[in-house]
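Written out below as structure tokens is the structure these notes cover.
The values are calculated or read from the model by the stated rules, or taken from the named source; none is laboratory data. Everything numeric in this text was worked out from a predicted model, so none of it was measured. Glycine gets a Cβ as well: all are built from the backbone with ideal geometry, and neighbour counts include every protein chain shown. These accessible areas exclude ligands, DNA and RNA; they are computed on the full protein's heavy atoms, side chains included. Shrake-Rupley method; radii C 1.70, N 1.55, O 1.52, S 1.80 Å.
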Amino acid sequence: MIELLILFQLSRKVLTMYGISKEIRGEFSVLTTPSYGTIKPALNRLETSGFVKTQKSMSKGGRPSVYYSITQDGINELKRLITLPPMENPIQFLTYARVKLACADVLDKEMQKELFRLLKMKAESLLFDTQNLVNSKDLSYFPKMVFDNLICEYKNFISLVEGFEHASRG
């Protein structure tokens, strides 16, 4: 997910590593807060792969600064990362899917439509599995409440995606 977030921020403007961190935290802190220890290696991987390029310059204070920008290959990689099939791990699905939706404005209408379809299908599958679990087991109070809450989260997420689908048609 960190590569997706970095490329998304760089698709908007050229940034330093500090700027990337600040922008990700400012926009996605309710979903994730990556550390510099996560961002720096990801930037190195993205640069090695040709998805970002660097430009070094001296700051006004006389310190060297490294500015990162996205390449055309990076834009293509960003779109690929957003449209990858959803996570199989249910515990990661909602967070990762929400990040993808938040970044969907970089996609064209057809790619958005496919993203919405894939995310909705996966959420419906997870909703069905969770409902079956609740209905097939004699759960005690606490697990039942947790799974009922998860059912609500999946339903809300499906409604969110349907809202995006509706908005993209208009």
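Which residue, of SER65, SER21, SER49, SER69, is within 18 Å of the chain's Cα centre (by Cα), small (Gly, Ala, Ser) and on the phi < 0 side of the Ramachandran plot? Reasoning before the result, please.
Details: SER65 fails: within 18 Å of the chain's Cα centre (by Cα); SER49 fails: within 18 Å of the chain's Cα centre (by Cα); SER69 fails: within 18 Å of the chain's Cα centre (by Cα).
It is SER21.
Are any residues in segment 98-142 among the hydrophobic types (A, V, I, L, M, F, W, C), under 29 Å from ARG169 (Cβ atoms) and open to solvent by 50 Å² or more (accessible area, probe 1.4 Å), and if so, which ones? Quick ask: steps written out before the conclusion?
Initially, segment 98-142 is screened for residues among the hydrophobic types (A, V, I, L, M, F, W, C), giving 99, 101-104, 106-107, 111, 115-116, 118-119, 121, 123, 126-128, 133-134, 139, 142.
Now narrow it down to the ones that are under 29 Å from ARG169 (Cβ atoms): 99, 101-104, 106-107, 111, 115-116, 118-119, 121, 123, 126-128.
Matches in segment 98-142: MET111, MET121, PHE128.
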query = In segment 72-97, what residues are in contact with a helix residue (DSSP H, G or I) (Cβ under 8 Å, 6 or more places away or on another chain) and open to solvent by 70 Å² or more (accessible area, probe 1.4 Å)?
reply = PRO85
query = Within segment 29-36, is even one residue more than 20 Å from ARG98 (Cβ to Cβ), of a type in the set (Ser, Thr, Tyr) and open to solvent by 70 Å² or more (accessible area, probe 1.4 Å)?
reply = yes
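So, in segment 104-117, exactly how many residues are of a type in the set (S, T, N, Q) and outside any helix (DSSP H, G or I)? I'd like the intermediate steps shown before the answer.
We begin by selecting, within segment 104-117, every residue of a type in the set (S, T, N, Q); these are 112.
Retained after the next criterion (residues that are outside any helix (DSSP H, G or I)): none.
Going through segment 104-117 one residue at a time, the tally reaches 0.
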inquiry  = Condition first: touching a Ser or Thr at 6+ places or on another chain (Cβ under 9 Å), closer than 20 Å to VAL106 by Cβ, at pLDDT 95 or above and of a type in the set (Gly, Ala, Ser). Can you find one or more residues in segment 30-49 that meet it?
reply    = no
inquiry  = Condition first: at pLDDT 95 or above, surrounded by fewer than 20 Cβ atoms within 10 Å (Cβ to Cβ) and out of contact with any strand residue (DSSP E or B) (no Cβ under 7 Å at 6 or more places or on another chain). Can you find one or more residues in segment 55-71 that meet it?
reply    = no
